[in-house]
Amino acid sequence: MTAIHQTEWTGLPAAPGTAIGTGIWLRSSPAPAVEEIPVNDEDVQRELSRLGQAIERVRLRIRDMRRQTAARLGESEAAIFDAHLAFLDDPAYVGEMKRRIPFEKKNAEWICRQLTDETAAMLEQLPDEYLRARSHDVRSVGDQLIEELAGRTRDAVRWPEEAVVIAEDLAPSELMQLPREVVALALLRGSRIGHAAILARAMGIPMVVGLGEEFRQVRDGQVLIVDGQSGLVRVDPDGETAARARERIQNLNRQRQQALTRVHEPARTEDGVAIRVLANMGNPSEIQTALSRGAEGVGLFRTEFLYLERSNWPAEEEQFRVYREMVEAFRDRPVVIRTLDIGGDKLLPYEDREPEDNPFLGLRGIRFCLARPDIFKAQLRAMLRAGAFGDLRILLPMVIDAKEVAEVKGIIYQCREELRNEGTDVPDRIPIGVMVETPAAAILAGELAKEADFLSIGTNDLTQYTLAVDRNNARIAHLFDHAHPAVLRLIQHTCEAAAKSGVPVSICGELAADPEMTGLLLKYGVRTLSMNPEAIPLVKEAVRRTRIHSTG
Ligand code: PEP
Ligand code: MG
């Protein structure tokens, strides 16, 4: 048998940054093995009380982790552990264990393993990626319960000085317990939007997920370069490549430190053109981070968090409070709020939706909102009301032609009239923007610019739809290239069409966060870039190095 020496692997980028270090497997998985032991009637009570004690000890452990996370990263990251605590009170999980022990007359470990596997398998079947990611939470809680029941402790790990953790998957609690030596994370499975990814981003640890089963061949002690921006992992690079990577990482760190000192200064090109650098946000808990990284407003506020992980549609009032908090935090700076973009990989458990063969080509984004005016109007009314408190702008996702925009404007007009009749203060004009994230929208940018106040290019979806490459499929992640000539040509065309109509155009997809692309985008005519807040400092520096108009 010939050994495979694959040295380059592509997964999905889950937390940005690049690091080099020594690989070390985190052997928490497979889950602790348990034995099936029948118990007699007298012992049932003992098993129940062992289970009760284990639950209480795990509860204390998770609460402690929650406290540590709040102190280190903040309340919104700490809230991730609430999902774990909730399992400890869930009648369908621990409640069902307590019911099954006397019924099946088996030891607590065995019943716990069964319930954990069943619950995780049930969650893994769900179409919604967010809910599927919850299966990791229940497995983490189940493993902790079994460890407590069996009185087992994990083997102490000897950490190399700069460690790249390799694991099948990583629970948030495992991530929070990693020592400071850990410089990057490389996961065989995992999710880009799971809790571990959120924590890794907050901790500034580069992370790549979805590297696939074959990544198992990577061994402890091999050197890994993890690029959390592109999703590329190099294993055992030759001396020269490793040295170059180290140099690049050091340079980047130096540049980043330097960039941070100037982050609150405006970004002007070398030839004096002012560029607006804004933040992409998905939750108001990120306001402070965005401001501290120098965001001059919000170019994309994804509102899906309001709709996910709950059991019913959010009311207008609840949404109003969130949107108002956002615009007030940024005072007179713009806050672009995107209307609900569900469908695709984001499905809601409480939405009665017929299964689709191709959800990314289905009832997603604006198509869903136009099909459900009741849901849409609640969101638009909340936005219009919040518009009275700051510079709020509305952005429409997944548009393919100007008809959709005109239809939305009609609904906004109706909402405004209704609110005024109710005596509510609503601004006369709220700018309406269109996301250019389908090839159709890019090709029709000129027509869209006539209906819209601004265009915002969503390069994540534009790349996915132009190249026909599913952005969540790790097996074809090497084909997902937002700088592909076909994508760049659509961006250039959009910018030219927008300029002809005198409508501003911004970029809010990941391409905007890539400092190597900044110069080109500015030359295309882009004057506003919106990105994850961590990327702002280096992109501002890239703007300062750019000369848009050639001299000579
Ligand atoms: C995009 O598609 O580029 C975008 C910014 O939207 P999202 O990543 O939320 O789909
Ligand atoms: Mg998109």
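If you average the C-alpha positions of region 417-447 and of region 109-128 separately, how far apart do those two centres end up, in angstrom?
Answer, in whole Å: 44.
Over region 262-544, consider all pairs of different Cα atoms and compute the Kirkwood hydrodynamic radius from their mean reciprocal separation; express it in Å, one decimal. The partial results should precede the final answer.
On the way: mean 1/r = 0.0524 Å⁻¹.
Every distinct Cα pair counted, the radius reaches 19.1 Å.
Could you tell me the largest-minus-smallest coordinate of the C-alpha atoms of region 325-477 on each of the three principal axes, in descending order and whole angstroms?
Per principal axis, max minus min of the Cα coordinates gives 53, 35, 31 Å.
Could you sort 234-246, 502-514 so that the peptide with the highest average Cβ count within 10 Å comes first and the rest follow in order? Mind showing how you got there, number by number?
Details: 234-246: 14.5, 502-514: 23.5.
Ranked from most to least packed, the peptides come out as 502-514, 234-246.
Convex hull volume of the Cα atoms in region 41-150, per residue, in Å³? Please report the intermediate quantities before stating the final value.
Details: hull volume 9.5 nm³, N = 110.
Cα-based convex hull of region 41-150, divided per residue, equals 86 Å³.
So how do 254-262, 166-174, 426-434 stack up, highest first, on mean other-Cβ count within 10 Å?
Numbers: 254-262: 13.6, 166-174: 23.1, 426-434: 17.6.
My ranking of the peptides, most packed first, is 166-174, 426-434, 254-262.
Classify region 192-342: rounded, prolate or oblate, from the alpha-carbon gyration tensor (a ≥ b ≥ c, eigenvalue square roots; a/c under 1.5 rounded; otherwise prolate if a/b is larger than b/c)? Walk me through the numbers on the way to the answer.
Values: a/c = 3.17, a/b = 1.39, b/c = 2.28.
Taking the square roots of the gyration eigenvalues as a ≥ b ≥ c, region 192-342 is oblate.
I'd like the carbon and sulfur percentage of the solvent accessible area for region 186-254, probe radius 1.4 Å, heavy atoms only, ligands and nucleic acids excluded. Walk me through the numbers before you get to the answer.
Numbers: 1490 of 3170 Å².
Roughly 47 percent of what the probe reaches on region 186-254 is carbon or sulfur.
Would you mind working out the accessible area per residue for region 41-150, using a 1.4 Å probe, and quoting it in Å²? Let's see the in-between values first.
On the way: 4940 Å² over 110 residues.
Averaged over the residues of region 41-150, the accessible area is 45 Å².
Quick one: helix 536-545 against the long Cα principal axis of the chain, what's the angle to the nearest 10°, folded into 0 to 90?
The answer is roughly 40 degrees.
Using Cα atoms only, what is the angle between the long axis of helix 316-329 and the major principal axis of the chain, expressed in degrees (0 to 90) to the nearest 10?
On a 0 to 90 degree scale, this one is about 70.
Sorted by average packing, counted as other Cβ atoms within 10 angstrom per residue and highest first, what order do 121-129, 395-403 take? Don't skip to the end; give the middle numbers.
On the way: 121-129: 14.4, 395-403: 21.6.
Ranking the peptides 121-129, 395-403 by packing returns 395-403, 121-129.
So what are the ³J(HN,Hα) numbers for region 52-69, from phi and the Karplus equation (6.51, -1.76, 1.60; θ = phi - 60°), rounded to whole Hz, Gly and Pro as x?
Values per residue, Gly and Pro as x: x, 5, 4, 4, 5, 5, 5, 4, 4, 4, 5, 4, 5, 4, 4, 4, 4, 5 Hz.
Per q in 0.15 1/Å, what log10 I(q)/I(0) does a Debye calculation on the alpha-carbon atoms of region 490-552 return?
Each listed q corresponds, in turn, to -0.44.
What residues have an amide H closer than 5 Å to that of Val399, excluding those fewer than 5 places away on the same chain, when H is modeled at 1.01 Å from N in the peptide plane?
Those lying under 5 Å, H to H, from Val399 are Met435, Glu437.
What is the dipole size for the chain, taken about its Cα centre, with +1 at each Lys and Arg Cβ and -1 at each Asp and Glu Cβ, in debye to the nearest 20? Show your work: numbers first, answer last.
Details: 70 positive and 84 negative charges, 328 e Å.
Value, rounded to 20: 1580 debye.
Need one number: convex hull volume per residue for the chain, Cα atoms only, in Å³. Working shown, then result.
On the way: hull volume 97.4 nm³, N = 552.
Once divided by residue count, the hull of the chain is 176 Å³.
Out of the trypsin sites (Lys or Arg not before Pro) in region 270-315, which ones are loop residues according to DSSP with at most 16 other C-beta atoms within 10 Å? Before the final figure, lay out each step's value.
Values: sites: Arg276, Arg293, Arg302, Arg310; in loops: Arg293, Arg302, Arg310.
Sparse-neighbourhood loop trypsin sites (Lys or Arg not before Pro): Arg310.
Determine, at each q value in 0.16, 0.26 (inverse angstroms), the log₁₀ of I(q)/I(0) that the Debye formula gives when each Cα of region 123-201 is one equal point scatterer.
So the normalised log intensities are -0.68, -1.31.
Of the cross-linked pairs Lys500/Lys523; Lys409/Lys523; Lys450/Lys540; Lys403/Lys450; Lys450/Lys523, which ones have a Cα-Cα span greater than 21 Å in the structure shown?
Numbers: Lys500/Lys523 15 Å; Lys409/Lys523 32 Å; Lys450/Lys540 31 Å; Lys403/Lys450 11 Å; Lys450/Lys523 23 Å.
Result: Lys409/Lys523; Lys450/Lys540; Lys450/Lys523 exceed 21 Å.
If you count only protein heavy atoms with a 1.4 Å probe, what accessible area per residue comes out for region 246-300, rounded to a whole Å²? Working shown, then result.
Working: 2930 Å² over 55 residues.
Value returned for region 246-300: 53 Å² of accessible area per residue.
Roll a 1.4 angstrom probe over the protein heavy atoms and tell me the percent of accessible area of region 41-150 that is carbon or sulfur. All intermediate terms of the calculation are to be shown ahead of the outcome.
Numbers: 2610 of 4940 Å².
Taking all protein chains in place, region 41-150 shows 53 percent carbon and sulfur surface.
In region 262-544, carbon and sulfur make up what percent of the accessible area (probe 1.4 Å)? Write down the numbers at each step before the final one.
On the way: 5570 of 11360 Å².
Answer for region 262-544 is 49 percent, counting heavy atoms of protein chains only.
Indicate, rounded to the nearest 5 percent, the antiparallel portion of the DSSP beta bridges found entirely in the chain.
Working: 19 of 56 bridges.
Around 35 percent of the beta bridges assigned by DSSP in the chain are antiparallel ones.
Between rounded, prolate and oblate, where does region 420-503 land on the alpha carbon gyration tensor, with a ≥ b ≥ c its root eigenvalues, rounded for a/c under 1.5, else prolate if a/b exceeds b/c?
On the way: a/c = 3.99, a/b = 1.80, b/c = 2.22.
Cα axes put region 420-503 in the oblate bin.
By how many degrees, between 0 and 90 and to the nearest 10, does the Cα long axis of helix 373-386 differ from the longest principal axis of the chain?
70
Could you name the lysines in cross-link range of Lys106, using Cα to Cα under 25 Å and dropping any fewer than eight places away on the same chain?
Lys98
Where only protein heavy atoms count, and the probe is 1.4 Å, what is the accessible area per residue for region 314-436 in Å²?
On the way: 5200 Å² over 123 residues.
Result: 42 Å² of accessible area for each residue.
Only helical DSSP H runs with n ≥ 4 go in: add -39500 (n - 2.57) per run for the chain, normalise by residue count and round the 222 nm mean residue ellipticity to 500 deg cm²/dmol.
Values: 20 runs with 243 residues, N = 552.
The helix-only estimate for the chain comes to -13500 deg cm²/dmol at 222 nm.
Using the 2.2 N^0.38 Å rule of thumb for compact globular proteins, work out how region 168-264 stacks up: its C-alpha Rg over that value, please. Kindly include the intermediate steps, with their values, before the conclusion.
Values: Rg = 14.6 Å, N = 97, 2.2 N^0.38 = 12.5 Å.
Rg over 2.2 N^0.38 Å, computed on Cα atoms: 1.16.
Could you give each residue of region 158-164 its phi-based ³J(HN,Hα) in whole Hz, using Karplus coefficients 6.51, -1.76, 1.60 with θ = phi - 60°, and x for Gly or Pro?
8, 8, x, 4, 10, 9, 9
The values are calculated or read from the model by the stated rules, or taken from the named source; none is laboratory data. Please read these numbers as outputs of a predicted model, since none were measured by experiment. Cβ: placed from backbone, ideal geometry, glycine included. Neighbour counts: every protein chain shown. Areas reflect the complete protein model, heavy atoms only, side chains present, ligands, DNA and RNA absent. Shrake-Rupley method; radii C 1.70, N 1.55, O 1.52, S 1.80 Å.
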